[in-house]
Amino acid sequence: MSFEGKKRAPVLSASFRTIIGLAMLLTMSSAMFAHANSEAPNSAAYQEVTVPLDPETKAVGGALYARHCAACHDGNMVRAPQRYVLENVSPSTLLSAMIDGPMREVAADLSLEQKTAVAEYIAERKITETNTAEAGVACEGAANEFDLSQTPVFQHWGLEAGASHFMSPSVARVTKKNIASLTVDWAFAYPDATRARSQPAFGAGALFVGSQSGLVYAFDMETGCTRWQFQASSEVRNGLTLEPWDAADESVDPLLFFGDLTGNQYAVSALTGELRWKKRIEDHSAATLTAAAELSDGVLYVPVSSLEEGAAIAAGYPCCSFRGSIVALDARSGEELWRRHFIPPAEQHGVNAAGTPQYGPSGVPIWAGMAMDAEHLYIATGDDYSGEGSETSDAIIALDKASGRTVWVRQARFGDVWNGSCENVDPVNCPEDNGPDYDYGAGPVISEDSQGRRIILAGDKGGVVTAMLAETGESLWKTKVGRGGVVAGVNFGLAAYDGKVFVPISDAPDGRDYDEPARPGVYALNVDNGEYVWQAPAGDDVCLGRPGCYPGYSAAISVTSDYVLAGSNEGWLRAFDIDNGEVLWEFDTTRSFTAVDGRLAQGGSIGGGQAPLIVGDRLIVNSGYAFAGKMPGNSLLVLKLPASDAQVAAEFGAQVLVDTAAK
């Protein structure tokens, strides 16, 4: 499904626009975000929130899929994208692939109506009436100019190399004294989207961000107009990485890096959106890129994950053969420098009850962002999908940056062998001794204790936070903060500052029974010993009966010198006092907002690997997370301080820098 464009202009074919006009279409309204599709083949814990298709589309699309697509995509051709992967691609992208993409020959005998039915059947939702390429407002004049004197604000997914998610006063001018003055400055409604989870990058006066439709945008930070947009092959869910530059060099052409749902890594010009290179990062059909790539000294480090864990739900899928890796690329050319897998290649080990071949070992994906220092990468791995278990799953691993050599491994638990089939009534591909699926979905953090020792902090889906020595991986302490679960515990990211590690806990229900209560909330631990500094459990009445709403915090979080910023499953964005956990401010993102082009942007749950960010006098957050039963939405929100408060904040930041320099 290779389909690229670079300019803010319609990129879909005229025939596609025609069929959109003829089809029965749904707008982005509250009715769209009704409930999870109870007939979806996905497991309950990983179920997408969708609009149930009408019976005619389901019947027509299903029959055509069985006749033309199932032979390759239902498990019989491992190199073809599997059904579970395609279900996570927008229906408009699937339709484009059949009209003028890689599936055009296979679908050549189908009418436009039939192709649309197939696309909607696979994606389990209707195509929206908005042409995705026409959303937003094109920049004109000065708003369309990139200011190279404004170098990148954050260089890493974790905001700095150690991934602490700390925003210094020189960057974050929104303080606990003026945060209550924030109001919405502008909003963008992502087209053809029910989730918004890509963490933006900032530089040259622009905000760069990916989306579910595969469109990557460069917005003018001041007005929200679109400077350029680029169409990737599928959803861009990870954080974007912006190459730094010398502000004095007027000839620079910095690159912007991102990956997509189907495993392609891209480099485009940050100034024009033009493609510089594109690389299929892994041959396996289920490979996906969920974590942000890290850039250091001209080398781009790409963590590789997969959707095979979900593909295993199908009895006809040959489970499982994917193996996670880190791939080092030359940032300018995309040339591979080295590749590090963490388990050996899979081999066949019998067949399942349906007679489908079974393989192993498999798994050990890298879902989350990385931390790094001058010589090492620190990564967090996921569980095994099949086999007897490996010594590198559910682990924090230190790698040599130059070669990919393993320096040390600290495993949280051995034998966490699990896949999506384990959630099915007929768990045909589920290992006999399985689970509990408590892998690391959150990236590690480099911090320092009171003895001056560099330590690595990590949190897993079991709700356990661990500290270990950065040099050796030696375990220092462990604290069980959350109940844990399939979609619970620590999902996407910790934050650390001033001798504390801040822990978001989701603990959403997942259909399992537990012998301990859920503990959704935000918690602060002392990095010396793991003891609680403060606790801010979620309230019991925050959802008020709304469907798809559960208390807790699954998204990555951020921290300033005086508050922790966390977006919640129930769609509220909150600032917690860094010293005692008191809620200083909260903002409901689940409302409708008028977008820059006049359309409505609908908020929902806040989730995924994105953290809410402060850049100058603005706060930036995505809202909407139609996954694992949470509330859909399609909003990018930019809040701003009034001019008077922004001036006070600037003066405060300058004084902090003076005081810091004096110390």
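Quick notes
- Working note: 222 nm ellipticity from helices only, DSSP H runs with n ≥ 4, each -39,500 (n - 2.57), summed and divided by the residues of the chain, gives -3500 deg cm²/dmol to the nearest 500.
- The packing ranking of peptides 452-460, 244-252, highest mean first, is 452-460, 244-252, where packing means the average number of other beta carbon atoms within 10 angstrom of each residue.
- For W572, the shell of other residues with beta-carbons less than 10 Å away shows a net charge of -2, using +1 for Lys and Arg and -1 for Asp and Glu.
- Considering the stretch 326-430 at the alpha-carbon level, its Rg and Dmax are found to be 16.2, 50 Å.
- Part-to-part distance (alpha-carbon centres) for the stretch 85-100 and the stretch 328-366, which is given in Å: 25 Å
- Local electrostatic count at V533 - Lys and Arg +1, Asp and Glu -1, tallied over other residues with Cβ under 12 Å: -4
- Descending semi-axes in whole angstrom, ellipsoid equivalent of the stretch 260-411, from the Cα gyration tensor: 29, 19, 11
- The convex hull drawn around the Cα atoms of the stretch 381-474, when projected onto a plane and averaged over every direction, covers 7.0 nm².
- For the stretch 72-215, the pair-distance distribution built from all alpha carbon pairs, in bins 10 Å wide starting at 0, is 9, 26, 27, 21, 13, 4, 0 percent.
- Compactness of the stretch 61-126 - radius of gyration and Dmax, Cα, Å: 10.6, 29
- Binning all Cα-Cα separations of the chain at 10 Å, short to long from zero, yields these whole-percent fractions: 3, 17, 29, 29, 17, 5, 1, 0.
- Charge tally in the Cβ shell below 11 Å around I505, where Lys, Arg are +1 and Asp, Glu are -1, I505 excluded: +3
- Estimated at the nearest 10 Å², the accessible area of M167 is 0 Å² with a 1.4 Å probe.
- Take the Cβ atoms of T406 and S111, set R0 to 51 Å, and the FRET efficiency comes out at 0.40.
- With a 1.4 Å probe rolled over the protein heavy atoms of all chains, the accessible area of H68, H284 falls in the order H68, H284, largest first.
- Pairs spanning more than 19 Å between alpha-carbon atoms, out of K58/K126; K177/K640; K126/K279; K480/K630: K126/K279; K480/K630.
- The alpha carbon centroids of the stretch 226-261 and the stretch 392-424 are separated by 30 Å.
- For Y385, solvent-accessible area (1.4 Å; no DNA, RNA or ligand), Å²: 0 Å²
The values are calculated or read from the model by the stated rules, or taken from the named source; none is laboratory data. Everything quoted here is computed from the prediction, not taken from an experiment. All Cβ positions, glycine included, derive from the backbone under ideal geometry; neighbour counts span all protein chains shown. Please note that ligands, DNA and RNA were not included when accessible areas were found on the heavy atoms of the full protein model with its side chains. Shrake-Rupley method; radii C 1.70, N 1.55, O 1.52, S 1.80 Å.
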